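Enquirer: Quick one: the structure is below, questions incoming.
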Amino acid sequence: MAAANLTLDSDCIVARDQQYVVRNYGRYPLVVSRAQGVYLHCPEGGRYLDFISGIGVMALGHSHPRIVAAIEDQLGTLTHCSNLYYHPLQGAVAEQLAALSGLQRTFFCNSGAEAVEAALKIAKGYGRARNEAKHEIVALHDSFGGRTLGAISVTGQAKYSDPFAPLIPGVRFVAPNDLEALKSAVNENTAGILFEPILGEGGIVEITAEFAATARELATANDALLVCDEVQCGMGRTGKPFAFQHWGDGFLPDVMTLAKPLAAGLPIGATVCSEAAAAVLAPGMHGSTFGGGGLACRAALEFLQMLPELLPHVQEIGAYFRARLQELVVRYDFVSGVRGKGLMLGLELTIPGGDFVPEAQRKGLLMNCTAGNILRFLPPFVIEREHVDEAIGILDDTLREGTVEDDQ
Ligand SMILES: Cc1ncc(COP(=O)(O)O)c(C=O)c1O
């Protein structure tokens, strides 16, 4: 068999992909052959400012020298030995997550959906240990928990779940921040209440402190687990290690899911739990061949060591980016607001936003559109003001041209 040709031009790469890869993604017309810092490059030499960072994964930018060095070193030391044995890195990452979050134990897996699956099993196992009827999960409309069957069962967007029904029974959905709906959905049969502190795919929707506090009270009163899905908003993205920490020192979920940036680009997922929640999983009840492998954990450890010094920068540059986005709200009557925290920001439009994405891409800026009308930005934590200014310049041009076309 001939060796695979990896140096094709963009058209050939797209053609081969379309012939052989399952067509489950609606990709943008861009081939990425190389990435460095906050820029992606295509085979023909074009350069793109990456303000979506692999959907929130590449928090340190691309090819960060400390991550590259750590991975290279670890590759030559220990890549994988399975969970049949101990290795030094898994406990070390779990120890750091415990110190940052106040939750004691971590289960490691390889993606956000798997982290949500583990959280669901923990909640359902917690409920079932109390009584058989206690299996219900309360989740939010417009939420996103991933693509596995359990995760789509708690994803409040019919387009992801309807084609695969019937799903896990006993899931009740309430609207984000609807206190009355939450109160009527939770009862003694609730095993878990699960929500993203900031809904990402749902359009950068912030959960209020009041809703979170009510969910915490209801979970405690009904002996259910409170699960915060921090796959997208966690790990420093909002300027604090975890988004739930914006609700004050007293707030603590029982379970938290993490993934995306935790291993700075390598696949990882983590379900971080209180002692009581973790106690649900006895040996053999859950697991993952790859979960918590040496390579991903080494990258995660390096990322966690860098995180504290990055947080003030995320806050500062996030405030600057927000202020510059706000200028667009003033400039264009179809731009109605800025949403989100830190470097998880959305520009809210009163018109559909999807067409602005390829247009901005043609001009050299990568972002995406969620919920139909929210331009979403998840840039790397290491962006500087000059990158924000470049992004705003491109965005301004893109929105201005969009307005001109609309007027014609
Ligand atoms: C909040 C949230 N939970 C879970 C997931 C699923 O993560 P993954 O795609 O790594 O399975 C995502 C992915 O975007 C997410 O945003």
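Enquirer: Checking the condition farther than 27 Å from Asn110 by Cα, touching a Phe, Trp or Tyr at 6+ places or on another chain (Cβ under 8 Å) and buried (at least 24 other Cβ atoms within 10 Å of the Cβ), which residue from Ala215, Ala263 passes?
Expert: Being farther than 27 Å from Asn110 by Cα, touching a Phe, Trp or Tyr at 6+ places or on another chain (Cβ under 8 Å) and buried (at least 24 other Cβ atoms within 10 Å of the Cβ) holds for just one of Ala215, Ala263, which is Ala215.
Enquirer: Turning to a different aspect of this structure: How many residues are over 18 Å from Gln245 (Cα atoms), more than 11 Å from the ligand (Cβ to nearest atom) and not charged (D, E, K, R) when one looks only at segment 185-209?
Expert: 8
Enquirer: OK, next. I'd like to know if segment 247-255 contains one or more residues that are within 25 Å of Gln157 (Cβ to Cβ), within 16 Å of the ligand (Cβ to nearest atom) and assigned to a loop (DSSP other than H, G, I, E, B).
Expert: Taking every residue of segment 247-255 in turn, at least one turns out to be within 25 Å of Gln157 (Cβ to Cβ), within 16 Å of the ligand (Cβ to nearest atom) and assigned to a loop (DSSP other than H, G, I, E, B).
Enquirer: Of the residues Ala98, Ala123, Ala119, Ala92, only one is assigned by TED's automatic domain parsing to the domain that holds Arg298, at pLDDT 95 or above and under 19 Å from the mean Cα position of the chain (by Cα); which?
Expert: Ala119
Enquirer: Still on this model: Starting from residues that are part of a loop (DSSP other than H, G, I, E, B) and more than 16 Å from the ligand (Cβ to nearest atom), keep the ones in segment 93-149 and report whichever is surrounded by the fewest Cβ atoms within 10 Å (Cβ to Cβ).
Expert: Among residues in segment 93-149 that are part of a loop (DSSP other than H, G, I, E, B) and more than 16 Å from the ligand (Cβ to nearest atom), the one surrounded by the fewest Cβ atoms within 10 Å (Cβ to Cβ) is Glu132.
Enquirer: For Lys183, indicate whether it is at negative phi, in a loop (DSSP other than H, G, I, E, B) and surrounded by fewer than 22 Cβ atoms within 10 Å (Cβ to Cβ).
Expert: Here the answer is no, as Lys183 does not meet what is asked.
Enquirer: Just need a number here: residues in segment 174-186 that are under 10 Å from Ile137 (Cα atoms) and either out of contact with any helix residue (DSSP H, G or I) (no Cβ under 8 Å at 6 or more places or on another chain) or of a type in the set (Asp, Glu) (or both).
Expert: Final tally of qualifying residues: 1.
Enquirer: Being among the basic types (Lys, Arg) and either within 16 Å of the ligand (Cβ to nearest atom) or loosely packed, with under 13 Cβ neighbours inside 10 Å (or both) is the filter here; which residues of segment 35-70 pass it?
Expert: Within segment 35-70, just Arg47 meets the criteria.
Enquirer: Okay, next question. Got at least one residue in segment 176-193 being more than 21 Å from Cys273 (Cα to Cα), within 22 Å of the chain's Cα centre (by Cα) and at pLDDT 95 or above?
Expert: Yes, that holds for at least one residue.
Enquirer: Please specify each residue of segment 361-390 satisfying the condition of being crowded, with 24+ Cβ neighbours inside 10 Å and either of a type in the set (Lys, Arg) or not assigned by TED's automatic domain parsing to the domain that holds Gly37 (or both).
Expert: The one that is crowded, with 24+ Cβ neighbours inside 10 Å and either of a type in the set (Lys, Arg) or not assigned by TED's automatic domain parsing to the domain that holds Gly37 (or both): Arg376.
Enquirer: Can you name every residue in segment 222-243 that is surrounded by 24 or more Cβ atoms within 10 Å (Cβ to Cβ) and either more than 16 Å from the ligand (Cβ to nearest atom) or among the aromatic types (Phe, Trp, Tyr) (or both)?
Expert: Ala224, Leu225, Phe242
Enquirer: Looking at segment 77-84, can you tell me whether even one residue there is closer than 30 Å to Ala277 by Cα and assigned to a helix (DSSP H, G or I)?
Expert: no
The values are calculated or read from the model by the stated rules, or taken from the named source; none is laboratory data. Given the structure is predicted, the values throughout are model-derived calculations rather than measurements. Glycine gets a Cβ as well: all are built from the backbone with ideal geometry, and neighbour counts include every protein chain shown.
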